[in-house]
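*Asks:* My questions will all concern the structure given below.
Bear in mind that the values in this text are calculations on the coordinates, not laboratory data. None of the values given here were measured: they were computed from a predicted structure. Here the Cβ is made from the backbone with ideal geometry for all residues, glycine too, and neighbour counts use every protein chain on show.
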Amino acid sequence: MQFRYPEWLILVGGSIFVSVLALSAYWEKDIRWLHFFQSWMYIAALALVLVGSRWGCFIGVAAAAFWDYSTIFGTTFFFNGLEQLSLWVRTGHLARPDILIAVPAWIANLLVVVGCLCAYFQRPEKPWSDIARFLVTFGLTTAFFALDMALFQPLYLSIFPRLLHPHLP
């Protein structure tokens, strides 16, 4: 099989993100199972895209966009990572690599979103019913995130109210 640029974007972005999840889980053992199951959504998205399934595009966009959105509006993880990057560039000292990894993780998720959208829009058929399929996939993907958090890191569930209304405390 020959990869086109959307598949490369998904492969590169998904691989970087899964690697960041693994590194984070290595540093912080209490999130290992959370990240293990989270990584399977990215693997499933890539596998489904590679076999030509639109569901891979839907899962990839839903999972990666949700993660990027949540790290901006539900947590300060991405902004804290940018702050660590700025300090590292200015001082040459990296104090918190565990926070800095939010930056490549965010960019990797953006690559997955762009790759999945490009792969979908390159498809010859795009029925209107795909809107409903995507919404169902988004709901199920978000529910999977929530279940994963509930089972392995219940404290993280507190981000969900902030995702609905980012300005609430």
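*Asks:* Which residues, counting only those in the range 76-122, are touching a helix residue (DSSP H, G or I) at 6+ places or on another chain (Cβ under 6 Å), farther than 28 Å from residue 54 by Cα and among the polar types (S, T, N, Q)?
*Replies:* 80, 84
*Asks:* Restricting to the range 123-139, give me the number of residues that are in a helix (DSSP H, G or I), touching a helix residue (DSSP H, G or I) at 6+ places or on another chain (Cβ under 9 Å) and either touching a residue at least 12 places away in the same chain (Cβ under 8 Å) or not aliphatic (A, V, I, L, M) (or both).
*Replies:* Looking only at that region, the number is 6.
*Asks:* Another question, then. Filter the range 78-98 down to residues that are surrounded by fewer than 19 Cβ atoms within 10 Å (Cβ to Cβ), of a type outside the set (D, E, K, R) and in a helix (DSSP H, G or I), then give me how many there are. Steps first, please.
*Replies:* Pass one, the range 78-98, residues surrounded by fewer than 19 Cβ atoms within 10 Å (Cβ to Cβ): 79-80, 82-83, 85-98.
Checking which are of a type outside the set (D, E, K, R) leaves us with 79-80, 82, 85-89, 91-95, 97.
If we keep only those that are in a helix (DSSP H, G or I) as well, we get 79-80, 82, 85-89, 91, 97.
Looking only at that region, the number is 10.
*Asks:* Ok, one more. Among (1) of a type in the set (Phe, Trp, Tyr); (2) out of contact with any Gly (no Cβ under 8 Å at 6 or more places or on another chain); (3) in a helix (DSSP H, G or I), where does residue 3 come up short?
*Replies:* Condition (3) is where residue 3 drops out.
*Asks:* If you don't mind, there's one more thing I want to ask. Can you pull out the residues in the range 141-166 that are without any contact (Cβ under 8 Å) to a residue 60 or more places away in the chain and either surrounded by 16 or more Cβ atoms within 10 Å (Cβ to Cβ) or assigned to a helix (DSSP H, G or I) (or both)? Before you say what the answer is, go through the steps one by one.
*Replies:* Here is the first cut: in the range 141-166, the residues without any contact (Cβ under 8 Å) to a residue 60 or more places away in the chain are 143, 146-147, 150, 154-155, 157-158, 161, 164-165.
Those that are without any contact (Cβ under 8 Å) to a residue 60 or more places away in the chain and either surrounded by 16 or more Cβ atoms within 10 Å (Cβ to Cβ) or assigned to a helix (DSSP H, G or I) (or both): 143, 146, 147, 150, 154, 155, 157, 158, 161, 164.
*Asks:* Starting from residues that are hydroxyl-bearing (Ser, Thr, Tyr) and in contact with a Phe, Trp or Tyr (Cβ under 9 Å, 6 or more places away or on another chain), keep the ones in the range 1-48 and report whichever is farthest from residue 65 (Cα to Cα). Before the answer, list the steps.
*Replies:* Restricting attention to the range 1-48, the residues satisfying the condition of being hydroxyl-bearing (Ser, Thr, Tyr) are 5, 15, 19, 24, 26, 39, 42.
Narrowing the set further to residues that are in contact with a Phe, Trp or Tyr (Cβ under 9 Å, 6 or more places away or on another chain) leaves 15, 39, 42.
Details: 15: 16, 39: 14, 42: 12 Å.
Filtering first and then ranking leaves 15.
*Asks:* Since residue 54 meets every condition but one in (1) surrounded by fewer than 14 Cβ atoms within 10 Å (Cβ to Cβ); (2) among the basic types (Lys, Arg); (3) touching a residue at least 40 places away in the same chain (Cβ under 8 Å), which condition does it not meet?
*Replies:* Result: residue 54 fails condition (1) only.
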